[in-house]
Structures are given as C-alpha cells and as structure tokens.
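What follows is calculated from the coordinates using simple rules that are stated; it is not laboratory data. Here the structure is a predicted model, which means the values were calculated and not measured. No Cβ is skipped: glycine too gets one built from the backbone with ideal geometry, and neighbour counts run over all protein chains shown.
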Amino acid sequence: MTSATVSVVGETKESTVRTGRIVLYVALTVGALLMITPFLWMVLTAFKSELEITKFSWLPGELRWHNFVEAMQTAPFLRYFRNSLIIAVGETAFTLAVCTTAGYALAKLPIRGAKALLSYFILLLMVPFQIILVPLFLIVKSIPLFGGNNILGQGGIGWLNSWWGLIIPLGAAPLFTFLARQFYVSIPNELAQAARVDGLGEFGIFWRIMTPLIKPALITICVFQIEAAWNGFLWPLMITTSDAMRPLQLGLAIFAQNPAEVQWPYLMAGTALATLPMIVMFVFAQKRFVEGMANVGIKG
Amino acid sequence: MSATLERPSPTLAGPRTVAPGKDSRRLIRSQLRAGWVLIAPALLHSGIFIVIPVVFAIALSFTDYSFGDSWAWVGFQNYSDLFNDADFRAALWNTILYAVVVIPISMAISLFIALGLNQKIRGLAFFRTAFYIPTVTATVAVATIWLWIYNPGSGLANGFLSLFGFAPNSWLSDPGTALPSLMVVGIWQGLGTKIIIYLAALQGVSRDLLESASLDGAGRWQKFANVTWPALGPVQFFVLITSIVGTFQVFDLVYVMTKGGPGTETTVLVLDIYQNAFQALRLGYASAETVIMMILIAVFIGLGRLLQRADVND
C-alpha cells in the first residue's frame, strides 16, 4: 500500500529527478575541475620552455622532460627531497613509539587519573602551534649538552639546525595520542585478560597482543603524520640555517622568493616533485584518510 | 611479569602463600607500573614542548627579551605598544577579515558538495579524490602554483578571464585584489577536509527519520531543514572550531605569495609575529602578539558556541 503510493509519486516526479541528477553531476564535475586544473596547469608548465611562458598558453609545444633534470641542477631539489624524507620518516617513527604507548596506557591500564590525563591531552590538542613558536624556539635552542650548549643549556645553539630539532618537537602530537587511545578502547579487555592468565607480561600484552590488532589505525596515524611532516614549513623556516638541512617546502619557497626572476618551468617541476608523493599516498590510502577524519571529527 | 604464575599454594610456606586478593593486587600493581612507564614519554614530551612554551609565551610577553643577556620586566608595555603599532593593527584586521570571509564561504560550499556526494552517485572515489587533493598538498606548493596562476603577464587567471573579454589584472600587487586573491586560495584548499567530515556525518544521519519524513510528505527542503541540519549540529561546531584555529594561523600562503604586501594589505598575525620575533628580534613583543592571538581565538570559539546554541534553540 505505502510502496504503491510512493511509486506513483515517484513516476510523476521522475523527470524532475532526472534533471536534478544531471544538474548534480554537472555541478560536481565543474567543482572537481576547479580543484584539479591548477595541478594540471602546474604539470603543463613544467614541460614548457622559457619562451613559451612569456605568453599565456595551455599546452607546451613539446614535452621537455629535460626541464626536470635542469630544475634539479639549478636548485638542490633532490637533497631537499631527501631531507623531507628523513624528517617524515623520523617524525613518524617517533610519533608511533610515543603515541601508541601513551594511547594504550590511557585506554587499557588502570592508572590513577586516567580521565584527567585524557582531558589533558584533548586540551593540548587544541593548542595551535603558532601560539608557542617563539618560546619553542628558545627551548629548542637551549637543550642542554647539544650544539655546544653546557649542562644548563647555555652557550650554543642546542637543537637549532639539527635533525633532532626538526623531528622531535613537532612529533608525537597529542592528536595522535588521542587517536591511538580511541582505537585501543574499541578492543575487548578479555584478550588482554586471557594473555595475563597465560603469563604474558604487561609490555608483551601491549606489543604482541593489542598493538597488532590496531594495525589499520596505525596506518591512519602514519598517513596523517607523514603528511604533516612532509608539508611543514614554518618550523623548518625558523630553525634551519643551512641548505644541508632544508626540506622541500622550504627549498621551494626560497626558489620562488623573487617573482621577477623566477624560472617558472623549473619551479613548477620542483613543485610537482613536492606534490606527487602526497597525492600518490592519498590515492592509495584514501580509506585510511577518510576513516581517520571521521574518527576525529565525529567522536572528537 | 610473573605475577600470574605465582598461584597461591597451601603446601608452601613463606611469602609465596598469598591470598587470592593479594595476587590480583600484585597484578594491578604491575599494570599500574606498566601504565606509567608507557605514558611517561608522552607526558614528558608534551610538557617540554607544549605546556612549558604556553606558560613561557605568557611570561615573555611581559618582558623586553631580545636574545641578549639583559632583559627586564616591562609590565603591559608591549600590549599598549601593540595597539599603537600600525602594522599590528593591519595584521589583526586582515586576519579577522580573512577568517570572517573564508570560514562561512568554505563551510557552505563544503556542505553543498557533501550533500551532492551523499546522493548515491557514481564515481564517488574520483570526486572525493579531486576535492581532497588540494588539502593533502603542502600549502607552500599550493602557494607557488597559485603565484603562477595569478602571474599578471602569462598566468592562468588572466588568460582564462581574457576569453570573456576581461582586462588583465595584477592580482597580488593590486591593493584591491591582493587579500581577496589569497582568500580564494584559502577557500579552495580548505574544502577537502570539511567535505570529508560532512560526508561522514551525513552518512550517520538516521535513514529511518528521513524515510518517515518522506512518508509524512516532507519535501526535500523540509527534510534538510528539519532532519539533516539539526543532526549535523555537533559536526558543524567541530568544523567551525577547526576552521577558526586554522584561519587564524594562516602563514605559509601569505609568506610565499605576498610577504604581506603590497604595503600591509595582506599582513596577517602570524606573519607579523614571525617578523617581530625573527627579523626585528623583539621576542617579548612578539609573545604579546601571540597572547592576543590566543585570546582572539578563544573569543571566536566562544562566539561560535553562542551561534550554535542559538541555532539549537530555534
């Protein structure tokens, strides 16, 4: 009865529904094009000659693969690339080590004040990095016994212009502790209990029983941390003084510094190099990204 | 670690013969110990690199510290100086303007696109990827691409608009278009995250409720206004807060594209903080600016909360 009335209504509305669908697809396609066009423009420019870019045109006359090689020679993009890779890998390893352990302790172990500690991490999660940048710089500069500092952290440069300084302060963000905790909470306690009865110690339970179960969540954390580390700019800008340490984003910014003399094809080639890894990672780990976002957005 | 192996046995004398209660207490104790060991690194790290800096920033803002050995407490001097500082006032105004324009527009567009993507369409993965790519791309890379798009001589923006007969514009060096040009990039780049969050929330809206509304003869718009919109409440608030915090922190985009120019047309708070701290080396002064930024973000979040409450009470 109800289904019959619905289908009658459906028939009369069918044509408006169809035009609605067409409008929807057109709108989404135009939107998607607006998102992709700048990247297309970047890639097309990377193949153009210096002469071709003096006037507006879409397509390059020929595909100058050579531009990529020449771009590598005008600026040490490969070294920047390697530096970004070191920072991303280092930060991710550090984050995994610190945040999974803390997340597990918050979720599963009976520490006094676990609730308060969780609120503490949630509160910290809301502190924007930009607010602490000046004091953070001073703290990193006075890490004792590094970079010529004495035991009181005076006299040298501490962790400035070092891998330590690039990796440690921004790693292990409270967001990831919180995320890890959310994932551990969803695993039943009975598993840990059974392992305890079998005589496995607490660290064994954490490492061998519980952590393998949240592998997908660990990938989510990795993906977000790699993205954050790869795309970071302000912090490396503040603490690096030599080209040997500079990551890709900083190298790009330096290369783009003087718009009057910028060699656009080379800059776009370098930008493509900086962009591609994250796009590839997103395409392959799309599900993880979406799940991670949904987790932070809805449960948080 | 061996706690569970030490079962109480009546035949053995000495400390090993423990009551079951004691056994479980030992178990709890070993869990407790493990708990503190596991959480200690995160506590230490967040203490050194987040909590101390926040406290430190507030303390610094009352000093004239400038990297040297000598410094003095100056009370509220930095704050009163700031409000007479034309650069700071421009930065404050531009940041608020940027937030007030970018946040509502990007939230509205994202919600529309998410509603569209929620219609059981074909090619969802493609559209999701397309809208999310600008978000996974580094802001510096995005900024260099747009720097080239806005190029007055042979950029895409002028090239495209000339097809419709518009005269070329020098987007980033014209005081009238510089900040709006940055806003466009900010909106463009920020859509992806919001779309994905909205989409996840839309998929959580109760199907039963929507269906019973259709059976009661509710139209598309009525269903949206009475079922979907109220259900999105908490997520709207989350998106709003993250957007506020995000737009107030805008830096990479401005640094690469305009460095705050022409004049101070596009100076924003973080850029001014950066310049005061690391070019003028006035760390106390820059810290006072960050404290003002902290207060401003808190005020904006408070306003957002009020807005949301008014919406719920409607």
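Things worth noting here:
- Average beta carbon contacts from partner chains per residue of A:96-105, 10 Å cutoff: 5
- For B:Thr63, distant residues with modelled amide H under 5 Å away: B:Val74
- Point-to-point label distance, A:Arg18-B:Asp208, nm (Cα→Cβ direction, 7 Å offset): 3.6
- Backbone HN-Hα couplings from phi across the range A:102-117 [Karplus 6.51/-1.76/1.60, Hz, Gly and Pro as x]: 5, x, 5, 4, 5, 7, 10, 9, x, 7, 5, x, 4, 4, 5, 5
- Neighbouring Cβ atoms from other chains, within 10 Å of the Cβ of residues in B:192-198, number 4 on average.
- Three-way shape call for the protein assembly as shown based on the alpha-carbon gyration tensor, with the a/c threshold at 1.5: oblate
- Between A:Tyr25 and A:Trp65, the modelled labels are 3.7 nm apart [label points 7 Å from Cα along Cα→Cβ].
- Dipole magnitude of chain A about its Cα centre (Cβ charges: Lys, Arg +1; Asp, Glu -1), debye to nearest 20: 640
- For the range A:19-67: rounded, prolate or oblate by the Cα gyration tensor [a/c cutoff 1.5]: prolate
- Here r is the Cβ-Cβ distance between A:Glu190 and B:Arg29 and R0 is 35 Å; the resulting FRET efficiency, rounded to 0.05, is 0.95.
- For B:Lys259, the aspartates and glutamates whose Cα falls under 12 Å of its own Cα, not counting residues fewer than eight places away in the same chain, are B:Asp272.
- Computed from backbone phi, the HN-Hα couplings of the range B:76-93 come to 8, 3, 4, 5, 5, 5, 4, 6, 9, 8, 4, 5, 5, 4, 5, 4, 4, 4 Hz, rounded to whole numbers (Karplus: 6.51 cos²θ - 1.76 cosθ + 1.60, θ = phi - 60°; Gly and Pro given as x).
- A:Ser242/A:Leu152 FRET efficiency (R0 30 Å; Cβ-Cβ; nearest 0.05): 0.70
- Debye intensity ratio I(q)/I(0), log10, the range B:77-313, q values 0.13, 0.15 Å⁻¹ (C-alpha model): -0.90, -1.09
- Given B:Lys120/B:Lys223; A:Lys48/B:Lys194; A:Lys215/A:Lys287; A:Lys287/B:Lys120, the pairs whose alpha carbons are separated by over 23 Å: A:Lys48/B:Lys194
- Listed by chain and number, the aspartates and glutamates whose C-alpha is less than 12 Å from the C-alpha of A:Lys108, apart from same-chain residues fewer than 8 away, are A:Glu190, A:Glu202.
- Per-pair calculated FRET efficiency, R0 = 30 Å: A:Ile36 and B:Ser173 via Cβ, rounded to 0.05: 0.65
- Shape category assigned to chain A from the gyration tensor of Cα positions, a/c cut at 1.5: oblate
- Farthest positive-ward along the range B:77-313 dipole, Cα basis, beta-carbon charges - from B:Val268, B:Thr290, B:Ile301: B:Ile301
- B:Ile301 versus B:Phe224: modelled label distance in nm, points set 7 Å from Cα along the beta carbon direction: 3.1
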